[in-house]
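Mind having a look at this structure? Questions to follow.
The values are calculated or read from the model by the stated rules, or taken from the named source; none is laboratory data. Owing to the predicted nature of the structure, the values given are computational and were not obtained by experimental measurement. Don't worry about glycine lacking a Cβ; one is built from the backbone with ideal geometry, like all the others, and counts go over all protein chains shown.
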Amino acid sequence: MTSKQKYNLALLVFTVPTLLFFTVMVTIPILQTFQKSFFDWDGLSKATFIGFDNYIRLFDDDDFWVSLKNGLVFAFVLVVYQIGLGTLLGIALSSKSLRGRKFFKTTYFIPVVLSGVVVSQLWIAIYNTDGGLLNSLFALMGSNYEQSWLSGEHTSIWAIAFTNGWQNMGVHLVLIYTAIKSIPEHLYEAAKIDGASFWTTHFKITIPLLSETYKFCLIIAITGGLNAFQNMFVMTSGGPGNISYTFTFMMYKAAFRSNEYGYGSAAAAVLVIECLLFTILINKLVAREKISY
Amino acid sequence: MKNKTLKPILMLLLLSMVALSLAACGSGNNKADNESGSKNEAGGNDAAKAVKLKFYAQYSGVEKAVYDAAKESMKKVMPEVEVEFEVAAQDDEQKIKTYAAAGSLPDIFFASSGLIETLKKSDNLYVMDDVVKENNIESLLNETSKPMLWNKDGHSYSVPNVGQWAALIYYNKELFAQHNVKAPTNYTELLEAVKAFKAKDITPLALFAKEKWPGVQLFDMAVVGSEPAGVKKLDNGEGQFSDEAYIQATNKLAELTKEGLLSKNAFNTTADDAAAQFTSGKAAMLLNGAWSMNNIYEMMGDKLGILYTPFSDADKVDQVKWNMSGGGFNQGFAVSKNSANKEVAAKYAALFSIEFAKQRVIMLADPNSILVEDVKPANGLSPVQQQYADDSVNFKTMTAFPWGLENAKFKTAIEDNTQKLLAGQDKEDFIKDMNKAIEQARK
């Protein structure tokens, strides 16, 4: 056996089980979802083929447009909060002059290991209209800007997205921090000799060299936002009405509450396409060239 | 080099062995099960008759003891049956529907009207007509409960286990007296009461609107004063949302919402939170089913009162006083058509339902028994339960709780849209959305 054959055999041995598992658990269900989206099906009885009717109905459904808007808002909040703040904190934590870096790193990561339900309950208490921490703070400052954070048409999705952003920011922080630490020190030394300021150094060296990390962070933040479900399920049950629906919630409503699995599958299919589009777009636009030191 | 070639192959072999041993463990268990089953079949008469049934029900909270007591009584009637309870999930019936989709429904399970329609359509329900007749179940039920046994298609798919609970507005008598507010007997007085309590920074009505059904029930209560069938009529495919009764109800709820009927936090309020607000005097009224009256009475004593007609127009109160919102319908313990022991399960479910109803009266002091037999509660009825028991004789019509609605699309639409109305949505938009939803639901 030649060394190339040995290499190929090793490749096969280690990738085939994962590929098989992925096909059974992900690819086949996605294909089935697309197939079912062309049927009128209650999940139990015989399905009837109805062509594109479910998709036509989607575009006339208020839930669809609310879900689309909320998914984008959710993704936007995650990108800004998790990647933006993750970058700032990553830069701060990588500075050798900062004391207690280990403590801060651990602290920022703690919410990640907490259960999503626990975090949601915590923020329900903070957002509580009557005596919640947030409204109490406004009252303490003498402001009358008290809100029904989770029930308001214009505040609900932002409040829920912030909760998710707060919980998972630590993941992005760790990724960005690790990437910063892998940037060769001599680049910073050269910048220092050239007289670059702190911010110039990071704008010209750190951030451009993080582009591959940002690509990954953007994909998980945006698809995470579009796929969001758990927080709204615990915090608002999608309500009041449909104001905090996302596609996953719309899918849940159609399949499990209205017994319309075909229609729910159409919503799921749109979600898959939406996530794929964003992933392709990010891959095309961000970090097009591989960085090597 | 040789070792390097062997490594992946050995790894593959090792993984295959692990997979095979796991599979062998699984097969071994099946084999053991099969052997155990064969032994039962081949054993003596008692062993041959022994049947183990899986029972999916609300085996938790205060009802756990009722299930246990009914199971104990059933041992005398059908000693050959051994029942294993599985606690039902509070999940919009997702789990039970998944069981049905996978062809692994439990032998016996609690089925709401909506679930009965879904499982009937997919041919998953055992028709219990013969069991009901052979065991004279109908003769054991009182007149008001007999219709609950039969589906609209004339067959029986489940035997009822509780009576027709009404939806009620409870009120705190002491709080009303303290603030000189008259307990409302009609809509005008309700509106005055809402304004009065709002002005005193007391939540007029505690509604646990984090759940979807209380909002629909509130709307249904506002409808029954003009249309006795409530929202159930629309669910049945009759009438339109633009009918006068529904428009009036919409107007009333929109007006009450504007005046501050609910707390701003109502949509994040759970049943326990709402009960705590009400019993602590932070809310003047509470909406819940009649099943909760004993619990609330234990916390509030004689301060607890019931309002029957707070949404009715003053000039119609006498005519519509006993048009009640809420109700039971054809729901109860049902049997899977695919059960290996469906005949035994059907007989057990039917007789268990009767025993369960009896134990509910004895242990939980149900004031609205479904039985002909005059069962007495072990600790008697509380004054408020006694009042309800006396009044329930006068109930003229009932509607349904949302889980009793059969058209899932309509149910989902009215649940979501009513929440929006109560959150302050424009009433014209609400009517427009409901008309569109009804059109879709009836396709």
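Output the number of residues of the stretch A:120-161 satisfying the condition of being in contact (Cβ under 8 Å) with a residue 60 or more places away in the chain, more than 12 Å from chain B (Cβ to nearest Cβ) and not aromatic (Phe, Trp, Tyr).
2
Restrict the check to the stretch A:16-39 and report whether at least one residue is in contact with a strand residue (DSSP E or B) (Cβ under 8 Å, 6 or more places away or on another chain) and modelled with pLDDT of 95 or more.
Yes, the stretch A:16-39 contains at least one residue that is in contact with a strand residue (DSSP E or B) (Cβ under 8 Å, 6 or more places away or on another chain) and modelled with pLDDT of 95 or more.
A follow-up question, please. Going by the conditions given, is residue A:253 surrounded by fewer than 17 Cβ atoms within 10 Å (Cβ to Cβ) and at pLDDT below 95?
It is false that residue A:253 is surrounded by fewer than 17 Cβ atoms within 10 Å (Cβ to Cβ) and at pLDDT below 95.
Okay, moving on. Tell me, which helices (runs of 4 or more DSSP H) wholly within the stretch A:101-144 include 3 or more residues that are over 29 Å from residue A:178 (Cα atoms)?
A:116-127, A:133-140
Every residue, every condition in (1) out of contact with any Pro (no Cβ under 8 Å at 6 or more places or on another chain); (2) within 14 Å of another protein chain (Cβ to nearest Cβ); (3) over 20 Å from residue A:157 (Cβ atoms); (4) modelled with pLDDT under 95, yes or no:
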position: A:207; (1), (2), (3), (4): yes, no, yes, yes
position: A:222; (1), (2), (3), (4): yes, no, no, no
position: A:226; (1), (2), (3), (4): yes, no, no, no
position: A:233; (1), (2), (3), (4): yes, yes, no, yes
position: A:238; (1), (2), (3), (4): yes, yes, no, yes
position: A:258; (1), (2), (3), (4): yes, yes, yes, yes
position: A:265; (1), (2), (3), (4): yes, yes, yes, no
position: A:271; (1), (2), (3), (4): yes, no, no, no
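Within the group B:115, B:119, B:168, B:105, which residue is surrounded by 22 or more Cβ atoms within 10 Å (Cβ to Cβ), in a helix (DSSP H, G or I) and either modelled with pLDDT of 95 or more or in contact with a strand residue (DSSP E or B) (Cβ under 7 Å, 6 or more places away or on another chain) (or both)? Full working, then the answer.
On the way: B:115 fails: either modelled with pLDDT of 95 or more or in contact with a strand residue (DSSP E or B) (Cβ under 7 Å, 6 or more places away or on another chain) (or both); B:168 fails: in a helix (DSSP H, G or I); B:105 fails: in a helix (DSSP H, G or I).
Just one listed residue meets the conditions, B:119.
Would you pick out the residues in the stretch B:245-269 that are within 13 Å of chain A (Cβ to nearest Cβ), outside any loop (DSSP other than H, G, I, E, B) and not polar (S, T, N, Q)?
B:262, B:266, B:267
If you take the residues of the stretch B:270-300 that are hydroxyl-bearing (Ser, Thr, Tyr) and in a helix (DSSP H, G or I), which of them is farthest from the chain's Cα centre (by Cα)? It would help to see each step written out before you state the result.
Taking the stretch B:270-300 as the starting set, the residues that turn out to be hydroxyl-bearing (Ser, Thr, Tyr) are B:270, B:279-280, B:292, B:297.
Filter again for in a helix (DSSP H, G or I), leaving B:279, B:292, B:297.
Details: B:279: 23, B:292: 13, B:297: 21 Å.
Checking each candidate, the answer is B:279.
Of the numbered conditions (1) over 16 Å from residue B:224 (Cβ atoms); (2) in contact (Cβ under 8 Å) with a residue 60 or more places away in the chain, residue B:326 fails exactly one; give the number of that condition.
(1)
In the stretch B:88-98, which residue that is within 21 Å of residue B:271 (Cα to Cα) and either small (Gly, Ala, Ser) or out of contact with any helix residue (DSSP H, G or I) (no Cβ under 9 Å at 6 or more places or on another chain) (or both) is farthest from the other protein chains (Cβ to nearest Cβ)?
B:88
May I ask you to verify whether residue B:228 is touching a strand residue (DSSP E or B) at 6+ places or on another chain (Cβ under 7 Å) and surrounded by 22 or more Cβ atoms within 10 Å (Cβ to Cβ)?
So residue B:228 does not fit the description; no.
Could I ask something else about it? Evaluate the following for residue B:191: is it touching an Asp or Glu at 6+ places or on another chain (Cβ under 7 Å) and either more than 14 Å from every other protein chain (Cβ to nearest Cβ) or modelled with pLDDT under 95 (or both)?
Here the answer is yes, as residue B:191 does meet what is asked.
Moving on to the next point. Taking into account only those residues within the stretch B:409-425 that are touching a residue at least 60 places away in the same chain (Cβ under 8 Å) and not in a helix (DSSP H, G or I), which is farthest from the other protein chains (Cβ to nearest Cβ)?
Out of the qualifying residues, it is B:424.
Let me ask you something else. At least 2 residues that are closer than 30 Å to residue B:277 by Cα and small (Gly, Ala, Ser) in each: list the helices (runs of 4 or more DSSP H) lying fully within the stretch B:301-398 that qualify.
Correct list: B:383-392.
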